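Okay, structure first, notes after.
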Amino acid sequence: MRRRSRWRLARLAMVAAVAVLIGLVAPQVTAAVPASAATDGQMIIPASGTIRSKVADGCGTGRPTHQGIDISAPSGAPILAAYDGVVKTRAYSGGYGYFVDIEHVGGYVTRYAHMVSQGTVAPGVQVQRGQQIGVVGSTGNSTGAHLHFEVWRNGSVYTAINQGFTCLSTVTRGAALPLVFPGLRTASPAPKGTSDFTGDGRADLLGVAACSDLELMAGDG
C-alpha cells in the first residue's frame with residue numbers, strides 16, 4: 001500500500017509540474033503575432049525595442065545621413081515582415097551586414113538590416129505581414145544589436161516613416177505602425193459585369209435553343 005501511495009504521489013507531482021510548465025509556455029505562444037494576408041494598407045512594427053535613430057535624425061546624436069529607423073533589441077529577437085510582399089533581396093554588405101528587402105504594392109520596399117545571418121525566406125517568395133523573416137543581430141557597420149528598418153518608395157527613401165516613431169520610445173513587435181501609406185492598400189478585384197458569366201471580363205450571352213435548353217455563348221472580345 002505504501003508503494004502504491006508513493007507512486008500515486010509521484011504521478012500527481014509529475015502532472016503538477018507539467019501543468020506549471022504549460023502555464024509558463026502558453027503566454028509566449030499566445031503572444032506570438034500570427035502572419036496574415038493584409039489588404040488594409042497598414043504596416044506593422046517589425047521588432048520590439050527602443051528607437052535610437054530615425055531618418056536623418058540620430059535622436060540627439062547627429063547622423064544627418066541616416067536613412068532608416070534603428071530599433072535597439074536583443075540579439076536573436078524575431079524580425080517580422082511589415083507588410084505583404086515578395087522578398088526582393090537577401091544579401092550581405094559591409095554597411096548593412098545581412099539584410100533583406102521586401103517589395104510591396106504601391107512602389108514600396110522595406111529593408112531589414114544588421115541581422116545575425118541571412119534571412120529565412122528566399123528571394124522571389126511571397127511573405128505575409130507578421131511573418132518572421134530573420135532575427136536581430138549586429139552584422140555590418142553596427143555598434144550593437146539592433147534592427148535597421150528602412151522604407152523606400154519609387155526608388156527614394158520614404159522620409160515620412162519618421163512620423164510613425166518617437167525617439168527613445170519603446171515599440172512592440174507586431175503593433176500597427178501609426179502612419180498612412182498612400183497606395184499600399186491592396187486593390188480589390190474588379191466587380192464582374194452582370195453579363196460576364198465566365199469571369200473573363202467580357203460580356204457573354206445566354207440563349208434558349210430550339211430544344212428549350214439554356215445555352216451559354218461566351219464573349220470573344
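The values are calculated or read from the model by the stated rules, or taken from the named source; none is laboratory data. Computed from a predicted model, the values in this text were never measured in an experiment. Every residue, glycine among them, receives a Cβ derived from its backbone with ideal geometry; neighbour counts consider all protein chains shown. Remember, those area values only see protein heavy atoms, side chains included, never the ligands or the DNA or RNA. Shrake-Rupley method; radii C 1.70, N 1.55, O 1.52, S 1.80 Å.
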Of ARG173, ARG153, the only residue that is open to solvent by 50 Å² or more (accessible area, probe 1.4 Å), touching a Leu at 6+ places or on another chain (Cβ under 8 Å) and at pLDDT 95 or above is ARG173
Going through (1) part of a loop (DSSP other than H, G, I, E, B); (2) touching a residue at least 40 places away in the same chain (Cβ under 8 Å); (3) in contact with a Phe, Trp or Tyr (Cβ under 8 Å, 6 or more places away or on another chain) one by one, PRO34 fails only at (3)
- Task: Test LEU184 against the stated conditions and say whether it is among the aliphatic types (A, V, I, L, M) and farther than 22 Å from VAL105 by Cβ.
- Result: no
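Here's the yes/no breakdown for (1) part of a helix (DSSP H, G or I); (2) on the phi < 0 side of the Ramachandran plot:
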{"residue": "ILE133", "(1), (2)": "no, yes"}
{"residue": "VAL136", "(1), (2)": "no, yes"}
{"residue": "GLY140", "(1), (2)": "no, no"}
{"residue": "HIS148", "(1), (2)": "no, yes"}
{"residue": "ASN162", "(1), (2)": "yes, yes"}
Subset of the range 82-116, residues touching a Gly at 6+ places or on another chain (Cβ under 7 Å) and assigned to a loop (DSSP other than H, G, I, E, B), comes to GLY94, GLY95, TYR96, HIS104, VAL116
Exactly one of VAL121, VAL109, VAL136 is buried (at least 16 other Cβ atoms within 10 Å of the Cβ), over 18 Å from ILE69 (Cβ atoms) and at pLDDT 95 or above, and that residue is VAL121
The residue from THR61, THR39 that alone is farther than 18 Å from GLN126 by Cβ, modelled with pLDDT under 95 and assigned to a loop (DSSP other than H, G, I, E, B) is THR61
The number of residues in the range 57-75 that are touching a strand residue (DSSP E or B) at 6+ places or on another chain (Cβ under 9 Å), touching a residue at least 40 places away in the same chain (Cβ under 8 Å) and open to solvent by 30 Å² or more (accessible area, probe 1.4 Å) is 4
Would you confirm, using the coordinates I've provided, whether THR198 is open to solvent by 40 Å² or more (accessible area, probe 1.4 Å), at pLDDT 95 or above and either under 26 Å from ALA35 (Cβ atoms) or of a type outside the set (Lys, Arg) (or both)?
no
